[in-house]
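The values are calculated or read from the model by the stated rules, or taken from the named source; none is laboratory data. Only a predicted model underlies this, so the values are computations on that prediction, with no experimental measurement involved. Using ideal geometry, Cβ is built from the backbone for each residue, glycine included, and neighbour counts are taken over all protein chains shown. SASA here: full protein model, heavy atoms, side chains in, ligands and nucleic acids out. Shrake-Rupley method; radii C 1.70, N 1.55, O 1.52, S 1.80 Å.
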Amino acid sequence: MTDRVVNPAPDTDDSRLDRALRPRDLSEHEFIGQSDVKRALHLMIQAARARNEPVDHILLAGPPGLGKTTLAQIIANEMQSHLEVTSGPALLRPGDLTTKLSAIDASSVLFIDEIHRLGKSVEEILYPAMEDFAFDLPSGNQSHRIPLKPFTVIGATTSAGSLTPALRDRFGVVHRLEFYSVEEAARIVQRSARILGVTITDTGAFALAQRSRGTARVCNRLLRRVRDYAEVAADGVITDDVAAKALDELNVDNEGLDAMDRRILTTLMDTFNGGPAGLQALAASLAEDLPTLESHYEPFLLQRGFIARTPRGRVATRQAYEHLNREPPTTAAEQATLL
């Protein structure tokens, strides 16, 4: 691999950085990766615009940090529509949702993050809103149907299996976002480096991408921290050596595992003898929030082969023992738990 340097562009002030790093459209030089999802969304958007209709309801599933919120923003921009953002936990009562729905303009996009955490009573308000563009407002012993202007719901979830079938079936399309390859992550790093005005070599971007957990959000977070290290401890240029030293300082190892990832694996090994262990028991041992463990940490560890799901719980794999330089269990019963 050559060590070509990406020429930096002028930096922007901090209040604009987060917005600047988000891709602005579905083109490959802007939104890198997720090709199948982008192609399908592009066709939906083009067809909806030709018919002068809102785009159909869309469910985006996948681990955090892969671009679900960004895609919702891009869809709203492409449709030249207003984007209203909320989340399942924020919609505590039916009135919270009806207030949002009543204010929606024609062809607007309502983005509901963590939609799998909607309460049942709120979810039931959403059904007729998505199907009939109306909702029922209780009044005494009766209810009045309130019409709505046609709009689009984009739901985001890290746990598609937690959605009720009734809600899932009301989405016209379901797309799952996948982890980015190292090559795609390196391109994300290079794009963000240009926006941030950071000088980074190809090998530096690749070294950072290898530890990015396959997510765009982590790419950008690590790039900022490595930039700080390069400016203070190096000459401001991020090479592979500078990236490796900076990430070592941040306790991010060469597989992208951070301190919490390693705690999860060592707890499985030490407290549960490698597993199997139920996720709730593991969360209690770690004093970690169960949804965070399930949505943020587990998908990456599963994808990289460090833990496995079994009918009885989670198991630390032989690969995890080897990565942490530990001896796997040696008895026949213990060996049977290893994959």
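Counting DSSP beta bridges with both partners in the chain, what percentage is antiparallel, nearest 5?
Bridges in the chain that DSSP calls antiparallel: roughly 40 percent.
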Where is the GNM fluctuation largest for the chain (alpha-carbon springs, 10 angstrom cutoff): ASN77, ASN273, ASN141? ASN141
Amide H proximity to GLY197 below 5 Å, modelled H, separation 5+ or other chain, gives ALA9
If one takes the longest principal axis of the Cα atoms in the chain, at what angle in degrees, from 0 to 90 and to the nearest 10, does the Cα axis of helix 68-78 lie? 50 degrees
Share of the range 188-294's accessible area from carbon and sulfur, percent, 1.4 Å? 46 percent
Label point 7 Å out from PHE133 along Cα-to-Cβ: which residues of the range 98-122 have amide N under 20 Å? 98-112
The helix 35-51 Cα axis meets the longest alpha-carbon principal axis of the chain at an angle in degrees, between 0 and 90 and rounded to 10, of 20 degrees
Excluding residues fewer than 8 places away in the same chain, name every one of the lysines whose C-alpha is closer than 17 Å to that of LYS149. LYS100
Report the full-extension gain for the segment ARG225 to SER162: residue separation times 0.36 nm, less the Cα-Cα distance, to one decimal in nm. 19.2 nm
Mean-square fluctuation check for the chain, GNM, Cα pairs under 10 Å: which of ASP113, ASP258, ASP235 is largest? ASP235
Quick one: net charge of SER295's neighbours, Cβ under 11 Å, K/R +1, D/E -1? -3
Backbone HN-Hα couplings from phi across the range 319-329 [Karplus 6.51/-1.76/1.60, Hz, Gly and Pro as x]: 4, 5, 4, 5, 5, 8, 6, 10, 7, x, x
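From the P(r) of the chain, can you give the percent of Cα pairs sitting at distances over 24 Å?
Roughly 63 percent, rounded to a whole number.
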Once amide hydrogens are built 1.01 Å from N within the peptide plane, the residues lying 5 or more places from SER87 or on another chain with amide H under 5 Å from its amide H are ASP113
Interchain or sequence-distant (5+) residues whose placed amide H lies within less than 5 Å of the amide H of LEU137 are HIS144, ARG145, ILE146
Please give the helix 240-249 orientation as an angle from the longest Cα principal axis of the chain, in degrees from 0 to 90, rounded to the nearest 10. 80 degrees
Taking only Cα atoms and a 10 Å spring cutoff, compute GNM fluctuations for the chain and point out the largest among LEU293, LEU324, LEU97. LEU324
Mind checking the per residue accessible area of the chain for me, 1.4 Å probe, whole number of Å²? 49 Å²
Once you place label points 7 Å from the Cα toward the Cβ at GLU183 and GLU53, how far apart are they in nm? 3.8 nm
How many nm separate the modelled label positions at LEU290 and ASN254, each set 7 Å beyond the Cα in the direction of the Cβ? 3.8 nm
Starting from the Cα of LYS120, step 7 Å along the direction of its Cβ; do the same at ARG326; then give the gap between the two resulting points in nm. 4.1 nm
